[in-house]
Amino acid sequence: MIASSSSVQSWINGRTDQLARAVSLEFRGGRSRRIGYRMRFSNALGSKLFRWCSRENHTSVRKLLEVDGTSERSKLLNKVSVLMGYSNTQELIEQERARRESATELISVVKEIDFPEICAKFPCIKIGDSSPIELYDEAASMKQKETMLSENLTNFMRESGGNFEAAYEFSDKCYPLGPTLTNVDHLSINEESSLTMQPVSNELAVDSDPCPESLADATVSDCSILDRSIRYLPGITSRQYRQLEDGGFHTVRKLLQHFPRTYADLQNPQGSIGEGQYIMLFGTVVSSRGARLKHTLGYLEVVVSCSISELSSSVKSCNSGAAQKKTIHLHLKKFFSGTRFSSQSFLKCISSKYREGDLAYVSGKIKKALANDHYDLREYTIDMLEEEEQQCTLLDRKPYPIYPSKARLKPSLLSLSISRALKMLTPGIDPIPHEVLVEFNLPNLFDAYKGIHKPKNRDEADFARRRLIFDDFFYLQLGRLFQMLEAVGTRVEKEELLLKCNNHELNAVGADEWSPLARKLLKALPYLLTLSQLNAVKEIIWDLRRPVPMNRLLQGDVGCGKTIVAFLACMEVISSGFQAAFMVPTEVLALQHYEHLTSLLENFDGDECKPNIALLTGSTSTRESRVIRNGLKTGEIAMVIGTHSLIADKTEFSALRISVIDEQQRFGVVQRGMFNSKLYTPSTKSSDDDTISDENSDSEIFMAPHVLAMSATPIPRTLALALYGDMSLTQITDLPPGRQPIETLALEGNDAGFETVFQMMSDELVDGGKVYLVYPVIEESEHLPQLHAAKADFDSIKQKFEGYPCGLLHGRMRSDEKDGALGSFRSGETRILLSTQVIEIGVDVPDASMMVVMNAERFGISQLHQLRGRVGRGNRKSRCIFLCSTPSALPRLKVLEKSSDGFYLANADLLLRGPGDLLGKKQSGHLPEFPIARLEIDGGILQEAHLAALNVLGTSNDLAQYPGLKIELSMRQPLCILGD
Ligand SMILES: Nc1ncnc2c1ncn2[C@@H]1O[C@H](COP(=O)(O)OP(=O)(O)OP(=O)(O)O)[C@@H](O)[C@H]1O
């Protein structure tokens, strides 16, 4: 019979080791284990073979293996043994035991080998047959640690005369961080013999090695437990281990950071149960039966009874809130098609998974009522509660955590594994110093993990959540500030920098102490600075005089006058003999700033001290740009305004001292950082020695330039802190005087809407105003016929407003054409400008008085606010009309009618759409990820975390006093600190 099925034989031959181990385990298990376990094992083993046989249609073999229940168990084992070439099970077991003993001998031989010596030489060698340790995401750094450890271990071994146990203890004391290969291999070797004897799996473990019991208490220090491989979870089976690994849960930390999505709360009344309602309930399995409906159709029905609290109709009407208990039955049905799945044995096997009396957690949608208090459930999930602890949850009526699904892992497995991970934790896992926890009223990490995963009540869960959010923000802030401190030299400088971060509002230089050039520019202005402009300049100049590079973000609402603040800062450094670079994202803006500054310089009294300014963009001719670059290199040119060309390799500065980056969110961190590589050299002589006295000192020679970043999109303070935690923040909070609020209207873009708008335009033009028409696209598209296009509308607008010249501006035009179009509009040669979003940033035509935005529903609130900011920049009363093609978009746009405060709108946008959407695709790429925190509502915790990080670094600049924090910081993906 056996000879007749050669494929059976080859299948068996390919798995002899695994099968031998399984049979041997099963045989031993039969003497000591629970009946349920034994049956499951037999069933699984039998069905695996059986399935294979039925697929190949080996009826004779199938018959051979058709065994049923416990009475047939020994027969099954015997038959499998025979198929494997043994005379009976007994022989198989003896041979298996002999094999194990020889393996143990091998281990003792291995113990004699100079293990640390080998490890030191070849760090990746694994001694013994333990599986390799997972190196988390940080393979390289772990390897380094491993090598370091091995080296130390070797030295110690030499010193301790080869006493391995002592060496092991030593390694643990010296390197409390993370799992080390040496540690774990050693452990694996020691435990190997006992491990193979352990009842490791409650599932079919035929094809894998068993996993050890928890090693948590054995080797690693408390902190590193979090970064241990999940293979050390107590009681984890090989299959579960593989599943979790495949799902990305490589370490205990990854598991514990999988936070509940919500909690099922059984204390509240459930209300009445109705069709289509989504429910989540605990219950008891009352029946489970499988039936064969047709030849190829199988069917399983599990009935779970749940006790719920329901508001009775009379109670409801009284609105007293009292509830009455009742029991409902949920029918969970599943159909299986195919001969394999309609077999009796399969159905029996599957239905036996749900035993009467077992506790289950069920969620799904009510399909229909079958009878009184009986409901059909669809799209359901059912998780059996096996763990004692989970059953306690039910009895204690604690909030039951519901985990978001990940990698198709069963929620029950996730929840079970998290419970096991919690068991590994010790109270010492927290790297955050106790005093910080006390100061900010936070639980320690041990309690926080317990609190979030197994809360006793909602308050505990909230408290825990607060701590975990704090962690997200704290390490981000700590990382950024730590990097910032690393960049400066001496301790005194570091302390000064921290002090500055703490009390930036105290630091200012009065206008009478500004450098002569800055004062001259101030005098040349046709207006007075507003109070917050003045404060911003004072603050920035104070910063410029520090011996450490400034890193400051200047933000304010549209049209608040940031540019002049930046110009004054540039003049301050130019006055001291250094250079300034002003980088903007578009050529249009570069030209605008250049013309603006040149016109201001014309008002200077006395020509002799006027700084030499240049414009460098992609459109600058090669000859001209060569001259400019040469001027920058020799120091002849004091300030350059331009686009990306400024950070090109060939642009070299003689003494660059400040880089202003306008619209900084449009540049990546790398581009911003490129200015830093343009260190200044001491070749330039100061023209004004009184402001920076130590300019030729060694420490300054290689100082990176100060960075003043400007953001035109107002960002809520919390968001700014998260994005630019290492930057000082200056806000301009008021607008220049005389500005009149922009009258804003959101209208539906139907015939009546257009009629109204055209009439308003006409009035405005007659009144001497200038009008922007903003379009979402340049040309019409077949796919999006509802979108108005700038080019397509050009002729019709021209016709409609005859006598008022029109201009066209879009991104596909050549640079000189764009300048021409904007120049004509500015000078009044054209009165209507049809444009795309290119005007969104920075375009400044003070007498433009009306804007109409077509298809406004296509833009975000903050973007529309930016666009609107192009009008109302002078003293003239202005209007802005948002036309949308769908009435449903109107309510969203109405918020712009009510407010013209950019910070308020940004906050509203943040709440409405979250930080990712608010910042747009490009900017949200800079946002660090927070697994649990929500910036829009957890801003307060972010501020606290910022403070805490400053305090910690104030106590220990290099974190030497807090080794745990330093390690934790390095484990939290240092790349995200850069923000790109
Ligand atoms: N204190 C002031 N008093 C009067 N006008 C001012 C003052 N400050 C700036 N302005 C003018 O306000 C207009 C807008 O200034 P600026 O271009 O600097 O704004 P901005 O903050 O860069 O805004 P946006 O981000 O929208 O470009 C300019 O025409 C500028 O000359």
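Restricting to segment 354-382, name every residue that is open to solvent by less than 50 Å² (accessible area, probe 1.4 Å) and part of a strand (DSSP E or B).
Within segment 354-382, Leu359, Ala360, Tyr361, Val362, Ser363, Gly364, Ile366, Tyr375, Asp376, Leu377, Ile382 qualify.
Taking the criterion of being closer than 16 Å to Pro585 by Cβ, within 41 Å of the chain's Cα centre (by Cα) and either free of Cβ contacts under 8 Å to residues at least 12 places away in the same chain or within 16 Å of the ligand (Cβ to nearest atom) (or both), would at least one residue in segment 846-857 satisfy it? Can you show your working first?
Let us first name the residues in segment 846-857 that are closer than 16 Å to Pro585 by Cβ, namely none.
For segment 846-857, residues closer than 16 Å to Pro585 by Cβ, within 41 Å of the chain's Cα centre (by Cα) and either free of Cβ contacts under 8 Å to residues at least 12 places away in the same chain or within 16 Å of the ligand (Cβ to nearest atom) (or both): absent.
From Lys523, Lys538, grab the single residue that is within 28 Å of Glu495 (Cβ to Cβ) and either within 16 Å of the ligand (Cβ to nearest atom) or in the same structural domain as Gly869 (by the TED database) (or both).
Only one candidate qualifies: Lys538.
Given the criterion without any contact (Cβ under 8 Å) to a residue 12 or more places away in the chain and over 19 Å from Gly749 (Cβ atoms), identify the matching residue among Gly803, Gly828, Gly872.
Going through Gly803, Gly828, Gly872 in turn, the sole match is Gly803.
Check segment 557-564 and report whether any residue there is at positive phi, within 16 Å of the ligand (Cβ to nearest atom), of a type outside the set (A, V, I, L, M) and in contact (Cβ under 8 Å) with a residue 12 or more places away in the chain.
yes
I need the full set of residues from segment 579-588 which are among the aliphatic types (A, V, I, L, M) and assigned to a helix (DSSP H, G or I), in order please.
Listed by number, the list holds a single entry, Val588.
Taking strands (runs of 3 or more DSSP E) that fall entirely within segment 733-832, which contain at least 1 residues that are open to solvent by 60 Å² or more (accessible area, probe 1.4 Å) and away from the ligand (no atom under 16 Å from the Cβ)?
Working: elements: 743-748, 770-774, 806-809.
Once the strands (runs of 3 or more DSSP E) in segment 733-832 are filtered for at least 1 residues that are open to solvent by 60 Å² or more (accessible area, probe 1.4 Å) and away from the ligand (no atom under 16 Å from the Cβ), what remains is 743-748.
For segment 864-878, which positions are under 15 Å from Lys770 (Cβ atoms), near the ligand (Cβ under 10 Å from one of its atoms) and among the polar types (S, T, N, Q)?
The one that is under 15 Å from Lys770 (Cβ atoms), near the ligand (Cβ under 10 Å from one of its atoms) and among the polar types (S, T, N, Q): Asn875.
Those residues that are within 28 Å of Ser337 (Cα to Cα) and either at pLDDT 80 or above or touching a helix residue (DSSP H, G or I) at 6+ places or on another chain (Cβ under 6 Å) (or both), I need them from segment 263-293; list them, please.
Within segment 263-293, Thr284, Val285, Val286, Ser287, Ser288, Arg289, Gly290, Ala291, Arg292, Leu293 qualify.
Would you confirm whether any residue within segment 543-552 is within 15 Å of the ligand (Cβ to nearest atom) and modelled with pLDDT of 85 or more?
Scanning segment 543-552, I find no residue that is within 15 Å of the ligand (Cβ to nearest atom) and modelled with pLDDT of 85 or more, so the answer is no.
Would you list the helices (runs of 4 or more DSSP H) that sit entirely within segment 402-482 and hold 1 or more residues that are open to solvent by less than 10 Å² (accessible area, probe 1.4 Å) and over 14 Å from Ala945 (Cβ atoms)? If you could, list the steps in order and put the result at the bottom.
Numbers: elements: 411-424, 434-439, 445-453.
It comes to 411-424, 445-453.
Kindly provide the set of residues from segment 577-591 that are surrounded by 24 or more Cβ atoms within 10 Å (Cβ to Cβ) and polar (S, T, N, Q), ordered by number.
Gln579
Out of segment 889-910, which residues are in contact (Cβ under 8 Å) with a residue 24 or more places away in the chain and of a type in the set (Ser, Thr, Tyr)?
Within segment 889-910, just Ser900 meets the criteria.
Taking segment 592-642 on its own, how many of its residues are within 16 Å of the ligand (Cβ to nearest atom) and surrounded by fewer than 21 Cβ atoms within 10 Å (Cβ to Cβ)?
Residues flagged as within 16 Å of the ligand (Cβ to nearest atom) and surrounded by fewer than 21 Cβ atoms within 10 Å (Cβ to Cβ) within segment 592-642 amount to 8.
The values are calculated or read from the model by the stated rules, or taken from the named source; none is laboratory data. Computed from a predicted structure; not experimentally measured. Glycine gets a Cβ as well: all are built from the backbone with ideal geometry, and neighbour counts include every protein chain shown. Each accessible area value is taken on the protein alone, full model and side chains, heavy atoms only, with ligands, DNA and RNA left out. Shrake-Rupley method; radii C 1.70, N 1.55, O 1.52, S 1.80 Å.
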